[in-house]
Amino acid sequence: MEGSYRRIIRAVLTRRDGAFAALLLASIIFACLFAPLYAALNRIDPFSSDIAGTTIRNGQHVDLMQPNDNPLHLGLSPIGPDWQPGPYALGADSQGRDVAARVLYGGRNSLLIAAASAMVCLCLAACIGICAGYFGGWIDLILSRILDMLWAIPVYLFAISLSVVTVGHGIRLGFITIGADNLLIPIGIIALVYVPYAARPLRARALSLSQAGFVMAARGMGASDWRILWREILPGLTPTMAVLAPLVMALCMLAESALSFLSLGVQAPAASWGTIIQDGEGLLYTRPMVAIVPGLAIVLTVLALNILGNALRDQLDPKGAGR
């Protein structure tokens with residue numbers, strides 16, 4: 001298994017597009033991790049409303065909410081970006097909150113949910129794929145039919161239906177209660193809806209490995225099924241899971257953004273890139289950067305993940321490069 005990890009690292013570093021995607025993704029992650037430092041240095045709270053607040057620009061105190069640019073100057077609009085280092089470099093939203101700080105903090109939740117959902121999804125898909133592909137028979141028949149039924153349901157319709165049920169009341173499992181604002185709910189929902197998409201290729205790979213010569217030899221030597229699964233099948237699935245991981249994470253990020261935009265994902269006062277786009281929906285004609293910046297962050301992250309997944313596929317699965 002250690003050799004598989006080395007192959008994965010080598011596959012990323014030996015390709016220019018893979019190395020570029022990894023560098024871009026790492027830059028986005030590190031920027032989001034330093035969100036508390038940005039807020040502390042600029043003395044701002046990205047989660048509290050500050051409509052009557054002010055900031056300093058060009059040595060002068062400027063109100064965060066400015067009169068509209070219409071002829072009658074009716075209503076107020078948040079201050080726009082000035083592209084200078086410091087607080088409110090990307091402007092403020094309708095609640096007077098720093099857009100840059102909220103994008104960084106929102107990125108932490110978006111990346112966390114996408115990564116955790118992809119990890120849970122691949123773990124569930126690997127368990128299902130191994131059971132179906134290795135043991136076969138009635139186990140494969142039942143699991144395959146369940147996957148077919150889940151596959152037939154549109155992804156976003158399935159995710160929205162689950163979110164509507166849980167977002168209002170949370171989840172109660174005996175003595176355990178998970179609140180509606182807990183990130184475990186969107187993580188579980190998003191992971192569940194993408195299990196069929198990851199389980200199918202893993203099942204096919206497990207089925208192929210179960211008929212390989214080294215597995216037959218292990219059976220002939222009296223090795224138990226558990227030993228074969230742990231020592232032979234699982235290491236053989238590692239490259240496939242490595243290829244699927246960034247692609248599934250990209251899908252999970254898009255799903256999280258869509259659910260949060262519909263107020264069915266991350267709940268206030270927490271933020272994600274999807275919720276920030278929703279906040280900027282009413283400001284598209286006056287302060288479009290409120291919605292453009294998180295949207296651009298989603299595009300760059302998903303693009304980096306897809307390039308990384310393609311690079312891993314081309315290196316670890318050359319036969320599938322043309323598919």
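The values are calculated or read from the model by the stated rules, or taken from the named source; none is laboratory data. Note that this is a predicted model, so its numbers are computed, not measured. Heads up, the Cβs are rebuilt from the backbone with ideal geometry, glycines too, and the neighbour counts pull from every protein chain shown. For the accessible areas, the whole protein counts, side chains as well, though only heavy atoms, and no ligand, DNA or RNA atoms are used. Shrake-Rupley method; radii C 1.70, N 1.55, O 1.52, S 1.80 Å.
Among the residues of the stretch 10-22, write down those that are of a type outside the set (A, V, I, L, M), open to solvent by less than 70 Å² (accessible area, probe 1.4 Å) and part of a helix (DSSP H, G or I). If you could, list the steps in order and put the result at the bottom.
Residues of the stretch 10-22 of a type outside the set (A, V, I, L, M): 10, 14-18, 20.
Going one step further and asking which of them are open to solvent by less than 70 Å² (accessible area, probe 1.4 Å), we end up with 15, 17-18.
Across the stretch 10-22, the qualifying residues are 17, 18.
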Of the residues that make up the stretch 149-158, is at least one buried (at least 18 other Cβ atoms within 10 Å of the Cβ), within 23 Å of residue 237 (Cα to Cα) and either of a type outside the set (D, E, K, R) or at pLDDT below 85 (or both)? no
How many residues of the stretch 237-249 are crowded, with 22+ Cβ neighbours inside 10 Å, within 12 Å of the chain's Cα centre (by Cα) and either under 28 Å from residue 170 (Cβ atoms) or small (Gly, Ala, Ser) (or both)? The answer is 2
So which of 265, 282, 236, 295 is touching a Leu at 6+ places or on another chain (Cβ under 9 Å) and in a helix (DSSP H, G or I)? 236
If a residue must be over 30 Å from residue 306 (Cβ atoms) and surrounded by 11 or more Cβ atoms within 10 Å (Cβ to Cβ), how many such residues does the stretch 23-71 contain? 22
Number of the condition not met by residue 212 [criteria: (1) within 26 Å of the chain's Cα centre (by Cα); (2) open to solvent by less than 60 Å² (accessible area, probe 1.4 Å); (3) of a type in the set (A, V, I, L, M, F, W, C)]: (1)
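Could you list all residues from the stretch 10-64 that are acidic (Asp, Glu) and under 26 Å from the mean Cα position of the chain (by Cα)?
Let us first name the residues in the stretch 10-64 that are acidic (Asp, Glu), namely 17, 45, 50, 63.
Scanning the stretch 10-64 gives 17, 45.
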Residue by residue through the stretch 161-198, note down the ones that are surrounded by 15 or more Cβ atoms within 10 Å (Cβ to Cβ) and more than 21 Å from the chain's Cα centre (by Cα). 171
Do you know which residues across the stretch 256-308 are open to solvent by less than 50 Å² (accessible area, probe 1.4 Å) and of a type in the set (Phe, Trp, Tyr)? 273
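In this structure, is residue 134 closer than 19 Å to residue 37 by Cβ, open to solvent by less than 70 Å² (accessible area, probe 1.4 Å) and not acidic (Asp, Glu)? Reasoning before the result, please.
Numbers: closer than 19 Å to residue 37 by Cβ: no; open to solvent by less than 70 Å² (accessible area, probe 1.4 Å): yes; not acidic (Asp, Glu): yes.
Answer is no for this residue.
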Which residue is surrounded by the most Cβ atoms within 10 Å (Cβ to Cβ), if the candidates are limited to the stretch 218-233 and must be among the charged types (D, E, K, R) and more than 23 Å from residue 201 (Cβ to Cβ)? 219
Any idea how many residues of the stretch 215-227 are free of Cβ contacts under 8 Å to residues at least 60 places away in the same chain and outside any loop (DSSP other than H, G, I, E, B)? 8
